[in-house]
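Since the structure comes first, as C-alpha cells, the remarks are kept for the end.
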Amino acid sequence: MKQIPIQRAEGFYSPPPKMRPDAWATVPPAERVWRWYEVQAQRRVAPPAGMLIGEITHARINHGRWVADCVCGSAQIVTPDDPRFACPECGYGWARVVFPDNPEAAEAEVIERPPHERNWWPGDPARGRRTPPADIRKEPLPPEPDPFPGPLAEEPPTRGRD
C-alpha cells in the first residue's frame, strides 16, 4: 500500500489553484483554515483576536488527519507545530490544542492501516474517551438475539356473520 502521510494543517489548507502555491507561506498553520474557509465558503471571516483563557481541546487522528473538535460540532485540521484552534463556523475563539507528548508515535501507530481506519483518540477523561486497542477486531460480531423467541402467535379469529 502506498504510504500516505497523516495530514496536518500546514499540508492540508493550501491556496486555491488561481493563487501561487506559497501564497499562504507566511500565515501560521492554525490561521490557514480561515483563509481556506473564505475561499471555500466564499464568505469573509476574521479570526478571533485573543486566546480563550483555560479553554483546551484534545487533538485526535480521524481518517488520517489531525483534527480538533469545536463545541458547535464542527472540526478543523490542526497541527502540533501551531497548537491553536478557532472555529470559522461559529466564531469560537482561540483555544489551546493538546497533542500527545509524541505525535509522531501516534501517527506511527496508525500509519499501516488503510486511510479510513487511521483513527487515534487520546485518553481524555473529560469526554470519556479511551485509546482504542492497537489491533482492531476483524472477526464478525455474533448475531443479535431474536427479540421475539418462540413460535409466532396464531392469528386472532375473524368475526363472521351469523
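The values are calculated or read from the model by the stated rules, or taken from the named source; none is laboratory data. What you are looking at is a predicted structure, and each value in this text was computed from that prediction instead of being measured. Quick reminder, even Gly has a Cβ in these numbers, built from the backbone with ideal geometry, and neighbours come from all protein chains shown. The accessibility values were calculated without ligands, DNA or RNA, using every heavy atom of the protein model including side chains. Shrake-Rupley method; radii C 1.70, N 1.55, O 1.52, S 1.80 Å.
Among the residues of region 50-79 satisfying the criterion of being in contact (Cβ under 8 Å) with a residue 24 or more places away in the chain and more than 15 Å from the chain's Cα centre (by Cα), which is surrounded by the fewest Cβ atoms within 10 Å (Cβ to Cβ)?
The selected residue is G50.
Take R84 and decide whether it is modelled with pLDDT under 90, in contact with a helix residue (DSSP H, G or I) (Cβ under 8 Å, 6 or more places away or on another chain) and open to solvent by 50 Å² or more (accessible area, probe 1.4 Å).
Here the answer is no, as R84 does not meet what is asked.
Which of the residues belonging to region 15-40 are open to solvent by less than 60 Å² (accessible area, probe 1.4 Å) and over 19 Å from the mean Cα position of the chain (by Cα)?
P15, P16, A23, W24, V27, P28, E38, V39
Quick one: how many residues across region 102-114 are assigned to a helix (DSSP H, G or I), free of Cβ contacts under 8 Å to residues at least 24 places away in the same chain and not acidic (D, E)?
Result for region 102-114: 2.
Among the residues of region 29-45, count how many are in contact (Cβ under 8 Å) with a residue 24 or more places away in the chain and at positive phi.
Residues meeting the conditions: 0.
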